[in-house]
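The values are calculated or read from the model by the stated rules, or taken from the named source; none is laboratory data. The structure presented is a predicted model; accordingly, all values stated were derived computationally and were not measured. Every residue, glycine as well, gets a Cβ built from its backbone with ideal geometry; the counts of neighbours run over all protein chains shown.
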Amino acid sequence: MFKVFIAILQKDLRENFLSNKAWFSISFFMLSLLIFPLSFGKGNLEEQNIIIPAIWIAALFSNLIALEQMYKDDFKDGTLLYYSINGISMSIIVVAKCISHWLFCGLPIAIIAPICSYIFSGESNNFYLFLTLFLGTAILTLIGSPISAIMLGISARGPMLTFITLPFYLPTIIFGVMGSNVTNNNINAEIYLLLAILSLGIVIFPILTIKILRTVIN
Amino acid sequence: MKNKLILSVEKLQCKRNNFILFNCISFKVFEGGLVIIKGNNGTGKTSLLHSLCGLVSFEGKVNWKIEKKKIGYLGHHMGLKDYETAEEFIAFWKKIYNSKVNSDKIIKFFSLDKFLYKPIGALSFGQKKKLSFARLLLLESKIWLLDEPFSGMDNKNKKLIADAIKRHINKKGITILSTHDQTKLLNIHTKQEVRIV
């Protein structure tokens, strides 16, 4: 079972690496961040403390961009059908897909964001920004997974996916932005809340995705 | 000695959007049996195969007498990735199925060695189909459900696929295939035809 999981994860990572879609998500994050200092002016950006919400907004939309592709190709070319008929556990597939999506559209953003924050605002203590994004992007991937699965049969998926997903992302964004702004505070409630959402999400969302994928394939 | 019963289908009915695709289909398949589902386009041949896999809801009875966890299926969508090479594809599915089958033999049987290192996106439809058949052999399943296995293939490759099916049947496996094509290639004494009108 573990071998199957590793094989699917490797294949997915390779697919993400070779396709433009995952790289597009990271480059979208960088480009959209660049717009904020250009439109606000660098001085205003520092004064109004806009850089952290800007990073979160950019992270959210870059996650949304890659979300559409999560199961689409495997569904279209019939790979999901073969997994299902040949008795490969759907849980392995869903977990592998979520991990590869996060590794390409979550982790790089969490790593790049503190550097961007330092460049744009001069803020050097960005540990909380990294931590909240590290947890937050994983939550965004988990929330997006069942929604991406439910959209498989729909032709105009792009706009629908955005409209359906955004309300579910709001709590994560709110706690994420609040948690990133806290500095030198030992009791950071927002991070605990993000951890709580992540713990629940790890249990609930893959199960939900499996149920949806089975229905969609059938 | 009479062969063991593998599948019994009784009064199978399938509906799509309240429209009955097919009705009252019954047949039995024994070890080493070949069932050819014939019918025109849109009569529900693929849906019949999907209902046997358990993918589509249906009315009636489908009783598999052996474990149907590992069904060898070949459909219109072949589950191939354009960026992969044929070799990577075979290696991947061998890992997934934890297959002990010698893949070199399969490569030789289907003459895949000529395009083994080419990306799948550059292969022809027939070559892709042969590759999909290679995956079927890797699964080592007793049950083969094949949806239009001969479509898009030249005579030489049609014969090759017919040979693969005959070999499978000789090993006491069962094959249920749908086609609207001629099936003269499959002269097997256990052959039975199910016609969907």
* Asked: Any idea which of A:Ala54, A:Ala66 is touching a Lys or Arg at 6+ places or on another chain (Cβ under 7 Å), of a type in the set (A, V, I, L, M, F, W, C) and under 24 Å from A:Leu166 (Cβ atoms)?
  -> A:Ala66
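Within the stretch A:192-218, track down each residue that is of a type in the set (S, T, N, Q), assigned to a helix (DSSP H, G or I) and either buried (at least 19 other Cβ atoms within 10 Å of the Cβ) or within 14 Å of chain B (Cβ to nearest Cβ) (or both). Explain how you work it out, then say what you get.
Taking the stretch A:192-218 and keeping what is of a type in the set (S, T, N, Q), we get A:199, A:209, A:215, A:218.
With assigned to a helix (DSSP H, G or I) added as a condition, the list becomes A:199, A:209, A:215.
Of everything in the stretch A:192-218, those that are of a type in the set (S, T, N, Q), assigned to a helix (DSSP H, G or I) and either buried (at least 19 other Cβ atoms within 10 Å of the Cβ) or within 14 Å of chain B (Cβ to nearest Cβ) (or both) turn out to be A:Thr209, A:Thr215.
Would you pick out the residues in the stretch B:82-91 that are surrounded by fewer than 21 Cβ atoms within 10 Å (Cβ to Cβ) and touching a helix residue (DSSP H, G or I) at 6+ places or on another chain (Cβ under 6 Å)? Walk me through how you get there before you give the answer.
First, the residues of the stretch B:82-91 that are surrounded by fewer than 21 Cβ atoms within 10 Å (Cβ to Cβ): B:82-85, B:87-88, B:91.
Within the stretch B:82-91, B:Asp82, B:Tyr83, B:Glu84 qualify.
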* Asked: On the given criteria, is B:Glu31 without any contact (Cβ under 8 Å) to a residue 12 or more places away in the chain and more than 30 Å from A:Lys211 (Cβ to Cβ)?
  -> no
* Asked: How many residues, within the stretch B:136-163, are at pLDDT 85 or above, in contact with a helix residue (DSSP H, G or I) (Cβ under 7 Å, 6 or more places away or on another chain) and within 22 Å of B:Lys28 (Cα to Cα)?
  -> 3
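When you look at A:Ile50, is it β-branched (Val, Ile, Thr) and closer than 30 Å to B:Trp144 by Cβ, yes or no? Write out each step before concluding.
Values: β-branched (Val, Ile, Thr): yes; closer than 30 Å to B:Trp144 by Cβ: no.
When the stated conditions are applied, A:Ile50 does not pass them.
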* Asked: Looking at the stretch A:87-125, which of the residues that are β-branched (Val, Ile, Thr) and surrounded by 16 or more Cβ atoms within 10 Å (Cβ to Cβ) is farthest from A:Pro37 (Cα to Cα)?
  -> A:Ile88
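Select from the stretch B:73-99 the residues that are out of contact with any strand residue (DSSP E or B) (no Cβ under 8 Å at 6 or more places or on another chain), in a loop (DSSP other than H, G, I, E, B) and at the interface with another protein chain (Cβ under 9 Å from one of its Cβ atoms) and list them in ascending order. Break it down stepwise before answering.
We begin by selecting, within the stretch B:73-99, every residue out of contact with any strand residue (DSSP E or B) (no Cβ under 8 Å at 6 or more places or on another chain); these are B:77-81, B:86-99.
The next check asks that each one be in a loop (DSSP other than H, G, I, E, B); those that pass are B:77-81, B:98-99.
If the condition is that a residue be out of contact with any strand residue (DSSP E or B) (no Cβ under 8 Å at 6 or more places or on another chain), in a loop (DSSP other than H, G, I, E, B) and at the interface with another protein chain (Cβ under 9 Å from one of its Cβ atoms), then B:His77, B:Met78, B:Gly79, B:Leu80, B:Lys81, B:Asn98 are the ones that fit.
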* (1) in contact with a strand residue (DSSP E or B) (Cβ under 8 Å, 6 or more places away or on another chain); (2) of a type outside the set (Lys, Arg); (3) surrounded by fewer than 19 Cβ atoms within 10 Å (Cβ to Cβ): which one isn't true of B:Phe125, the others all being true? -> (1)
* Asked: So, of the residues in the stretch B:60-72 that are facing chain A (nearest Cβ under 7 Å) and within 14 Å of B:Arg135 (Cα to Cα), which turns out to be farthest from the chain's Cα centre (by Cα)?
  -> B:Lys70
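Say we look at the stretch B:100-136 and pick out the residues that are touching an Asp or Glu at 6+ places or on another chain (Cβ under 8 Å) and more than 16 Å from B:Leu160 (Cα to Cα); which of these is farthest from the other protein chains (Cβ to nearest Cβ)? Even if it seems obvious, please write down each step before you answer.
We begin by selecting, within the stretch B:100-136, every residue touching an Asp or Glu at 6+ places or on another chain (Cβ under 8 Å); these are B:100-101, B:107, B:116-117, B:119-121, B:126.
Cutting the leftovers down to more than 16 Å from B:Leu160 (Cα to Cα) gives us B:100-101, B:116-117, B:119-121.
Values: B:Lys100: 14, B:Val101: 14, B:Leu116: 18, B:Tyr117: 16, B:Pro119: 10, B:Ile120: 10, B:Gly121: 11 Å.
Residue satisfying both the conditions and the ranking: B:Leu116.
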* the stretch B:103-122 - residue that is assigned to a loop (DSSP other than H, G, I, E, B) and modelled with pLDDT of 85 or more and, of those, surrounded by the fewest Cβ atoms within 10 Å (Cβ to Cβ) -> B:Tyr117
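Kindly indicate whether A:Phe163 is part of a helix (DSSP H, G or I) and free of Cβ contacts under 8 Å to residues at least 40 places away in the same chain. Break it down into steps so the answer makes sense when it comes.
Numbers: part of a helix (DSSP H, G or I): yes; free of Cβ contacts under 8 Å to residues at least 40 places away in the same chain: yes.
Yes: the conditions hold for A:Phe163.
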* Asked: Somewhere in the stretch A:63-74, is a residue within 14 Å of chain B (Cβ to nearest Cβ), assigned to a helix (DSSP H, G or I) and farther than 26 Å from B:Gly121 by Cβ?
  -> no
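Answer yes or no as to whether A:Ser84 is touching a Lys or Arg at 6+ places or on another chain (Cβ under 8 Å) and within 14 Å of another protein chain (Cβ to nearest Cβ). If you could, list the steps in order and put the result at the bottom.
Details: touching a Lys or Arg at 6+ places or on another chain (Cβ under 8 Å): yes; within 14 Å of another protein chain (Cβ to nearest Cβ): yes.
Taking the combined requirement at face value, the residue satisfies it.
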* Which residues, taken from the stretch B:44-59, are facing another protein chain (nearest Cβ under 8 Å) and either among the polar types (S, T, N, Q) or touching a residue at least 24 places away in the same chain (Cβ under 8 Å) (or both)? -> B:Cys53, B:Val56, B:Ser57
* Asked: Can you spot a residue in the stretch B:149-157 that is among the polar types (S, T, N, Q), away from chain A (no Cβ under 14 Å), within 14 Å of B:Ala86 (Cβ to Cβ) and without any contact (Cβ under 8 Å) to a residue 60 or more places away in the chain?
  -> no
* Unmet requirement for A:Ser124, which otherwise passes all of (1) over 17 Å from A:Ser25 (Cα atoms); (2) of a type in the set (Gly, Ala, Ser); (3) part of a helix (DSSP H, G or I) -> (3)
